[in-house]
Each structure stands twice: as structure tokens, then as C-alpha cells.
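Asker: Below is a structure I'd like to ask you about.
The values are calculated or read from the model by the stated rules, or taken from the named source; none is laboratory data. Remember, predicted model here, so these are calculated numbers, not experimental data. Cβ placement follows ideal geometry from the backbone for every residue including glycine, while neighbour counts extend to all protein chains displayed.
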Amino acid sequence: MEFWSAAVLAAGLAIAPIGAAHDAPAAVAAAAEASASIAVTAPAGTTEAWIDIDDTALTLSDVRLEVTDGSGWRSVPLSATAFGVGAVTGAAEGSFEARVTSTVATDADVAISFAAAGELLDESSVRLDLVPGEIAPSPTPVAPADPDDSATAGSSRDALTNTGIPALSIAALALLVAAAGAILVAVRRQAVKR
């Protein structure tokens, strides 16, 4: 019986380093992360900042968000959104910086919107290329949706306020087509009855 106990112990000791070596890359990969900061200026009247990190592949466990107004970094809890993750946090006029840390590779669009009483005051958008274990490049400003828009690159307040117009036009066109179809059906029924 002692022979078998010693054999099992020896086999276990021989296999243990293999298992530990196999788990080591996972431990190293879990610790790797990349960070980038976005520094902007909040306009007068700002009471809160809305921060959207748009990459549908991101989950809440992939990303960490911290903000500062120059008085020290504080963690901001994130929520899942339709396009990634986001947060709402208090903010005031002046300097504002957000630091995004990711444990997965992402090329997320980050929008920082400043608001007061639910009214949008200003927005800045950048693209972050984050690859864990690599030094992150500087954020790239994201141009407004419409190049002829009077808003400057990185600030798309006018583009945001106009986003409902194409949808409204499509809905109105669909309603007209449906009304024309109903009239056509009514005329044909009258013609068949005669």
C-alpha cells in the first residue's frame, strides 16, 4: 500500500509544475491592461458628465473608468449600454479628465458629454486604441458625423441635436406610402362593386 501512495505522490509532484506552467500565461494575461486619458474642459454651468465608451465587444469586467478635476482620481461605476459601457458622474466647470483602463484590446469611441439639468452643453469624442501590455497612443479626435456641420471636430453638439431628422423623414414617407396604398385598395373595391 505504501508503494502506491508513494507512486501517486511522485506522479502528482511530477505533474504539478506542468499545471503551474500552463496556468502562468493566464495569470500574466489577466494582469495586463492598457490605459489612456482624455483631458477636456467642462463649460460653464456643467453639473454632470456623461461618459460613453462605445465598443459592443466590451463588458463591464473589461473596463475601468476613473475621473479627476485635478483634485485626485476617483473610480466611477459603469453600466452596460447598447453600444458598450457608460457612466454618469458629477462634474463642474473647468478641467476634467477621464482615464479608461481596459484588460482587452479595443478601439473604442469615447464620448464625454457635459450637461446641466438634463440639457446637453458640450461633447468631446475621441477614439482610443488600447492593447493590454502596450503603451497606448494619444487619443484620436473623432470628426463630427457631417463634415459640413458647423461644429468643430471633437464637438458634435449640433450633430446630436439633428439625429432625429432622418428618422422622422423616413417615418413620414412610410406613412404616406401606407395612406396611398389604403386609398388604392378602397378605389379598387369600389370599382369591383360596380
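Asker: When segment 66-108 is examined, which residues are found to be exposed (fewer than 15 other Cβ atoms within 10 Å of the Cβ), part of a strand (DSSP E or B) and more than 14 Å from the chain's Cα centre (by Cα)?
Answerer: Residues satisfying the conditions are 74, 75, 90, 94, 95.
Asker: Can you go through 61, 124 and tell me which one is closer than 16 Å to residue 34 by Cα and either under 11 Å from the mean Cα position of the chain (by Cα) or at pLDDT below 95 (or both)?
Answerer: 61
Asker: Does residue 113 qualify as being at pLDDT 80 or above, surrounded by 15 or more Cβ atoms within 10 Å (Cβ to Cβ), within 30 Å of residue 61 (Cβ to Cβ) and hydroxyl-bearing (Ser, Thr, Tyr)?
Answerer: Yes: the conditions hold for residue 113.
Asker: Look at segment 128-140 and say how many of its residues are exposed (fewer than 15 other Cβ atoms within 10 Å of the Cβ) and in a strand (DSSP E or B).
Answerer: 1
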